[in-house]
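> Please read through the structure below; I'll follow up with questions.
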Amino acid sequence: SPCIPVLPSGNSASRWRFDGFHDHVAAGCRRPRPEVAGGEEDRNPVIADFDGTLTRYWIDGRRGQTSHGLLQQGNAEYDAKRQALYEYYHPLEISPTIPIEEKTKLMEEWWEKTHGLLIEGGVTYDAIKKSVSEATIAFRDGVVELFEFLEELDVPVLVFSAGLADIIEEVFRQKLHRSFKNVKVVSNRMVFDDKGCLVAFKGKTIHVLNKNEHALDMAAPIRDKFGYPNGYNPDSVLMKQRTNVLLLGDHVGDLGMSDGLSYENRIAVGFLNNNTEMSFKSYLDAFDVVYLNDASMRGVVELVSQFI
Ligand code: TMP
């Protein structure tokens, strides 16, 4: 079945005990909550990418939209300009043959142009709400189950995205009709003026290939008076030494999401959504577990119950 995880032998995933896994879940029972003193701050974190990882790649035969892609600025000319950029840069983003340095420059270019068009063409918070309500976007099967399970266990979840934080949070509100106290979104955040119009983006741009440079942004940087980070909140979920980290991504660049964190073991789960044949080998080399074809998150729920 295309939804069966592929566990490459000989890499780190094979060190983990998967025995008893399916019996445990088939019986519908979950592990008793592990005893950890101190609540969420002391638990091993889950770090998840958003687009194409938490969300579906295909929805009823149509491509699912990304947090960037769903946005209608209320200005057809600018929507068309951003779409033209998507058509040019997305094939480059997913090409397995472009060397990483070259691709990084292309991605920087794409994000810079897109953010520029969003500011120039105007965006309001109301347009974001309307765009989300009309969007073709859906969470992968099993994501709600995963989040509920992680909330029950007080496991911190960091949603780390090169998309748009304000839109991701609106997707959570509209599609899940609830928030999760353990979930934090780290992504490109918009700055609105008094009239609710976008005027700037906060901080340095996060694109698909520089997540490694931003990993510690998730650790609540303490900023100086000029807005530059000059330390990290020592109480942040990520500043503590961790035994295990579970990383979920759909792009090899997502592996950088855990850079700078101190942990003993990391399991990286990769969702391969496109160019399957050409990218399969590189995903197997890069990730510990690879899922194909919009597989559900239920396998990850099983993994979490053993690992986190
Ligand atoms: P991710 O970090 O959540 O995967 O998000 C980034 C995705 O957003 C990436 O796959 C490319 C996509 N994207 C668009 O769809 N339109 C855009 O204008 C830009 C800049 C990115």
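The values are calculated or read from the model by the stated rules, or taken from the named source; none is laboratory data. The structure presented is a predicted model; accordingly, all values stated were derived computationally and were not measured. So basically every Cβ, Gly included, is an ideal-geometry build from the backbone, and we count neighbours across all protein chains shown.
> Would you say His68 is closer than 30 Å to Gly196 by Cβ, within 11 Å of the ligand (Cβ to nearest atom) and at pLDDT below 95?
Details: closer than 30 Å to Gly196 by Cβ: yes; within 11 Å of the ligand (Cβ to nearest atom): yes; at pLDDT below 95: no.
No.
> Separate question: Being under 24 Å from Thr114 (Cβ atoms), among the β-branched types (Val, Ile, Thr), at pLDDT 65 or above and assigned to a strand (DSSP E or B), is that true of even one residue in region 205-216? Don't jump to the end; show me each part of the working.
Our first condition is that a residue be under 24 Å from Thr114 (Cβ atoms); within region 205-216, this holds for 205-215.
Filter again for among the β-branched types (Val, Ile, Thr), leaving 205-206, 208.
Next cut, at pLDDT 65 or above only: 205-206, 208.
With assigned to a strand (DSSP E or B) added as a condition, the list becomes none.
No, because not a single residue in region 205-216 is under 24 Å from Thr114 (Cβ atoms), among the β-branched types (Val, Ile, Thr), at pLDDT 65 or above and assigned to a strand (DSSP E or B).
> Hey, could you check region 157-203 for residues that are more than 15 Å from the ligand (Cβ to nearest atom) and touching a Gly at 6+ places or on another chain (Cβ under 9 Å) and say which is nearest to His214 (Cα to Cα)?
Among those residues, the one meeting the criterion is Gly203.
> Given the conditions (1) at pLDDT 95 or above; (2) more than 11 Å from the ligand (Cβ to nearest atom), report the number of the one that Thr97 does not fulfil.
Status for Thr97: all satisfied but (1).
> So which of Val132, Val155 ends up being part of a loop (DSSP other than H, G, I, E, B), touching a residue at least 40 places away in the same chain (Cβ under 8 Å) and either among the basic types (Lys, Arg) or surrounded by 15 or more Cβ atoms within 10 Å (Cβ to Cβ) (or both)? Break it down into steps so the answer makes sense when it comes.
Details: Val132 fails: part of a loop (DSSP other than H, G, I, E, B).
From the options Val132, Val155, the qualifying one is Val155.
> Here's another thing I want to ask about it. Which ranges mark the strands (runs of 3 or more DSSP E) fully within region 238-308 that have 3 or more residues being within 14 Å of the chain's Cα centre (by Cα)? Break it down stepwise before answering.
Numbers: elements: 242-249, 263-272, 289-292.
Here the list reads 242-249, 263-272.
> How do the pairs read when you match residues in region 60-83 that are exposed (fewer than 11 other Cβ atoms within 10 Å of the Cβ) with residues anywhere that are among the polar types (S, T, N, Q), using Cβ under 6 Å and keeping only pairs 6 or more apart or on different chains?
Listed pairs, sorted by first residue: Arg62/Thr136.
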